[in-house]
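The values are calculated or read from the model by the stated rules, or taken from the named source; none is laboratory data. Because the structure is predicted, anything quoted here is derived from the model rather than measured. Cβ atoms come from the backbone with ideal geometry, glycine included; neighbour counts cover every protein chain shown. SASA here: full protein model, heavy atoms, side chains in, ligands and nucleic acids out. Shrake-Rupley method; radii C 1.70, N 1.55, O 1.52, S 1.80 Å.
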Amino acid sequence: KTTCIRVVYSDGHHIDLPIYYCSEEDATPELAHTSKGWVDSDPREFSLWVDDNLNAQAKRIVRYLKGWKNHREKENSNLDLPSGFILTILTHEHYHADDNDDTSFRETVCSIYKSLSRYNGFSCYRPTTPSDEDLLVDFRATRKNDFLANLDKLVKACENACNESNFKTASMYLIKQFGDRFPKGEDITAEEKSLELKSAIASTGIKHKPYGGISR
C-alpha cells in the first residue's frame, strides 16, 4: 500500500507495517510513501492526541467502527474502507455523547455521513504532523461512493434497529453490519420484557415503592 506493507493472515485479519525513519531522538519521524518519498509523520504525537481528545466512550465508538469496517471488507474483498486512523479522527470530529453506546454510535455515524456527503464535505484532516494533510484525498477518485454507500447502510441499519420493538429483529439489522460480533437478541418485545421482569419481581415478594426503591 502507499504508506505501509499489509500482512494478511489466513483467518482474515491483517496488520499494516509502516516504515519510519528518524535521524535524531527528538526529530519528527519520516514515513516512507510510495509516490511522495519520505514525508513527516509522527505516530507518537497522534497517540498522545487520541488520549487527550477521546474519552472512554469515544474510544469504544472507534472500536465499533473498526469492527464494522473489518466485517464489511471480509464480506467483500473488493471493498477498501478508510483506515482505523481516519475513522478515529472522524469519530472525534462528530462524536455524540450519550448514556447509551447505541445512541452515541448511531448519532456519531449519522453525523459523519451527513458531513462527508455534503458538497465539498468529503475530507478528513490529520490533527497532528503534518496537519494540512487531507487523508481522504486518495478516496475521492475511486472509493468515495463505496464508502458513502456503506455508511448510508450502517446509518439505516442503526435507525431500523432503534425503531424496532422486537429485540431479535432489531439485532438482525446490526448483525448484517457487524457479523457475529453483534449478539442476537431475544425474540421478545421491550413491552413483553418489561412485563416479564415485573412478573419475576412479583414472584419474589418484593414490592416496588413509587419512587423506584424496593421494600419487603
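Looking only at residues in region 1-50 that are of a type in the set (Gly, Ala, Ser) and in a strand (DSSP E or B), which one is surrounded by the fewest Cβ atoms within 10 Å (Cβ to Cβ)?
First, the residues of region 1-50 that are of a type in the set (Gly, Ala, Ser): 10, 12, 23, 27, 32, 35, 37, 41, 47.
Right, trim to in a strand (DSSP E or B) and you get 32, 37.
Values: Ala32: 17, Gly37: 9.
So, considering only residues that are of a type in the set (Gly, Ala, Ser) and in a strand (DSSP E or B), the one surrounded by the fewest Cβ atoms within 10 Å (Cβ to Cβ) is Gly37.
Give the residues of region 86-98 that are under 20 Å from Leu136 (Cα atoms), crowded, with 16+ Cβ neighbours inside 10 Å and of a type outside the set (S, T, N, Q), sorted by residue number.
So the first thing to find is which residues in region 86-98 are under 20 Å from Leu136 (Cα atoms), and the list is 86-95.
Of the ones still in play, those that are also crowded, with 16+ Cβ neighbours inside 10 Å are 86-92, 94-95.
Residues satisfying the conditions are Ile86, Leu87, Ile89, Leu90, His92, His94, Tyr95.
Among the residues of region 99-116, how many are surrounded by fewer than 14 Cβ atoms within 10 Å (Cβ to Cβ) and touching a residue at least 24 places away in the same chain (Cβ under 8 Å)? Quick ask: steps written out before the conclusion?
Looking only at region 99-116, we keep the residues that are surrounded by fewer than 14 Cβ atoms within 10 Å (Cβ to Cβ), and these are 99-101, 114.
From what's left, touching a residue at least 24 places away in the same chain (Cβ under 8 Å): 101.
Going through region 99-116 one residue at a time, the tally reaches 1.
Of the conditions (1) open to solvent by less than 60 Å² (accessible area, probe 1.4 Å); (2) acidic (Asp, Glu); (3) modelled with pLDDT under 95; (4) over 23 Å from Asp132 (Cβ atoms), Glu75 satisfies every one except a single condition; which number is it?
Here Glu75 clears every test but (1).
Of the residues that make up region 138-153, is at least one without any contact (Cβ under 8 Å) to a residue 40 or more places away in the chain, assigned to a helix (DSSP H, G or I) and among the acidic types (Asp, Glu)? Show your work before the answer.
Let us first name the residues in region 138-153 that are without any contact (Cβ under 8 Å) to a residue 40 or more places away in the chain, namely 140-142, 144-145, 148-149, 152-153.
Imposing the further condition that a residue be assigned to a helix (DSSP H, G or I) reduces the set to 140-142, 144-145, 148-149, 152-153.
In the following step, the residues that additionally are among the acidic types (Asp, Glu) were identified as 152.
Yes; the residues of region 138-153 include at least one that is without any contact (Cβ under 8 Å) to a residue 40 or more places away in the chain, assigned to a helix (DSSP H, G or I) and among the acidic types (Asp, Glu).
Restricting to region 131-154, what's the tally of residues that are among the acidic types (Asp, Glu), closer than 24 Å to Asp40 by Cα and open to solvent by less than 80 Å² (accessible area, probe 1.4 Å)? Don't jump to the end; show me each part of the working.
First, pick out the residues of region 131-154 that are among the acidic types (Asp, Glu): 132-134, 138, 146, 152.
Remaining after also requiring closer than 24 Å to Asp40 by Cα: 132-134, 138.
Filter once more, so that each one left must be open to solvent by less than 80 Å² (accessible area, probe 1.4 Å): 133-134.
Of the residues in that region, 2 qualify.
Determine the pairs where a residue that is under 14 Å from Ser131 (Cα atoms), located within region 37-58, has a partner that is open to solvent by 70 Å² or more (accessible area, probe 1.4 Å) with Cβ atoms under 8 Å apart, the partner being 6 or more residues away or on another chain.
The qualifying pairs are Ser41/Tyr20; Pro43/Tyr20.
Report, by residue number, each residue of region 155-168 that is open to solvent by 30 Å² or more (accessible area, probe 1.4 Å), touching a residue at least 12 places away in the same chain (Cβ under 8 Å) and not small (Gly, Ala, Ser).
Of the residues in region 155-168, the ones open to solvent by 30 Å² or more (accessible area, probe 1.4 Å) are 156, 159-160, 162-165, 167-168.
Now narrow it down to the ones that are touching a residue at least 12 places away in the same chain (Cβ under 8 Å): 159-160, 162, 165, 167-168.
Within region 155-168, Glu159, Asn160, Cys162, Phe167, Lys168 meet the criteria.
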